[in-house]
1. Restricted to region 55-81, and to residues that are at pLDDT below 90 and out of contact with any Phe, Trp or Tyr (no Cβ under 9 Å at 6 or more places or on another chain), which residue is farthest from Arg32 (Cα to Cα)?
2. Would you be able to tell me the number of residues in region 103-116 that are within 14 Å of Ile141 (Cα to Cα) and at pLDDT below 95?
3. Being closer than 21 Å to Gly70 by Cα and open to solvent by 80 Å² or more (accessible area, probe 1.4 Å) is the filter here, so list the residues in region 1-37 that pass it.
4. Does region 32-39 contain any residue that is closer than 21 Å to Leu136 by Cα and within 18 Å of the chain's Cα centre (by Cα)?
5. If only one of Ala109, Ala98 is open to solvent by less than 70 Å² (accessible area, probe 1.4 Å), among the small types (Gly, Ala, Ser) and in contact with a strand residue (DSSP E or B) (Cβ under 6 Å, 6 or more places away or on another chain), which one is it?
6. Looking at Asp78, Asp74, which is the one that is of a type outside the set (Gly, Ala, Ser), in contact (Cβ under 8 Å) with a residue 40 or more places away in the chain and closer than 22 Å to Asp147 by Cβ?
7. Which condition number does Arg139 fail, the rest of (1) charged (D, E, K, R); (2) in a loop (DSSP other than H, G, I, E, B); (3) open to solvent by 80 Å² or more (accessible area, probe 1.4 Å) being met?
8. Might you check whether a residue that is within 27 Å of Cys28 (Cα to Cα) and of a type in the set (Lys, Arg) occurs anywhere in region 116-127?
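The values are calculated or read from the model by the stated rules, or taken from the named source; none is laboratory data. These numbers were taken from a predicted model, which means no experiment stands behind them. Here the Cβ positions follow ideal geometry from the backbone for every residue, glycine too, while neighbour counts run over all protein chains shown. Just so you know, the surface numbers come from the protein's heavy atoms only, side chains and all, with ligands and any DNA or RNA stripped out. Shrake-Rupley method; radii C 1.70, N 1.55, O 1.52, S 1.80 Å.
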Amino acid sequence: MSSADFLRLLGKDPTETWFRTIQPKSGCNRSRQGRDLHGLDVAALVADNQKGSSVYFVTGDANQSTGRSGAVQDFDVDGCPVLFVEWDDKPIEWQLTAWQQLKLPEPTAVVATGGKSLHCYWVLEAPMQPEPWRLLQRRLIDFAGGD
């Protein structure tokens with residue numbers, strides 16, 4: 001599955017999705033002077049990753065990035081199309097079936113990070129406003145014992 005297909009699966013428009021790259025001990029988006037990348041640019045993200053940066057996408061929808069240095073901040077998010085949870089402290093084998101053990105609906109997508117966790121995503125029928133989404137997201141994390 002391509003990166004664009006994955007984003008569409010999660011209800012995201014690849015051309016409007018924001019990306020952040022983080023290099024350990026060096027900070028965010030070093031190749032862009034701290035600015036988040038707006039729109040899927042696979043070549044730029046691969047180049048950052050090859051320089052040692054981890055690549056993340058902003059799950060919320062935002063039309064602007066007003067944070068210091070041009071990063072998306074919570075205030076910028078105006079819609080939340082997906083819930084998610086991950087576990088850094090559980091075996092991968094457990095994480096594969098955690099949703100079943102916790103009696104959660106089947107995730108829309110499960111992504112292996114290449115590290116020690118799987119990310120489970122559930123696409124909502126319609127994007128939520130940020131405040132009620134934060135409450136529901138926090139409840140999911142607390143219930144699932146994730147982060």
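1. Arg68
2. 0
3. Result: Thr15, Glu16, Pro24, Lys25, Arg30, Gln33, Arg35.
4. So far as region 32-39 goes, no, none of its residues is closer than 21 Å to Leu136 by Cα and within 18 Å of the chain's Cα centre (by Cα).
5. After applying the criteria, what remains is Ala109.
6. One residue alone meets the criteria, Asp74.
7. (2)
8. Checking region 116-127: at least one residue is within 27 Å of Cys28 (Cα to Cα) and of a type in the set (Lys, Arg).
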